[in-house]
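The values are calculated or read from the model by the stated rules, or taken from the named source; none is laboratory data. The structure presented is a predicted model; accordingly, all values stated were derived computationally and were not measured. Backbone-built Cβ (ideal geometry, glycine too); neighbour counts: all protein chains shown.
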Amino acid sequence: MNAKKAEKVAKALADPNRLLILREIKKQKDCLYCADIPDVVNLAQPSICHHVKQLLDTDLIHSEKEGRNLKYSLNDEVIDEFITFLEGLKK
């Protein structure tokens, strides 16, 4: 992962609402339906869309259409790359 991508991921992770969404995806067996997100964060729908878009834009999550619903899952590859990038900063 290059520094520019790591910066984008770090900014996405800096928001507590986005962290709550990521934690809930992990807790729900690695998938969370779009309709369930308002139960996780107490925000209006436009704000939820903004946070989900940030997570999608940084590839931290994937979206998949399932019937009429969207479900989100973690992108372990990007998370692992970010962790490796941070470990490279250690002495």
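Output the residues belonging to the stretch 31-44 that are loosely packed, with under 12 Cβ neighbours inside 10 Å and either on the phi > 0 side of the Ramachandran plot or free of Cβ contacts under 8 Å to residues at least 24 places away in the same chain (or both).
Kept after step one, since they are loosely packed, with under 12 Cβ neighbours inside 10 Å, are these residues of the stretch 31-44: 35, 39, 42, 44.
Residues satisfying the conditions are Asp39, Asn42, Ala44.
Can you tell me how many residues in the stretch 38-73 are closer than 22 Å to Ala10 by Cβ and out of contact with any Phe, Trp or Tyr (no Cβ under 6 Å at 6 or more places or on another chain)?
Total meeting the criteria: 20.
For the stretch 45-88, give me the residue count where each residue is exposed (fewer than 15 other Cβ atoms within 10 Å of the Cβ), part of a loop (DSSP other than H, G, I, E, B) and at pLDDT 90 or above.
Selection size over the stretch 45-88: 1.
Could you list all residues from the stretch 45-57 that are in contact (Cβ under 8 Å) with a residue 24 or more places away in the chain and either at positive phi or touching a strand residue (DSSP E or B) at 6+ places or on another chain (Cβ under 9 Å) (or both)?
Matches in the stretch 45-57: Val52, Leu55.
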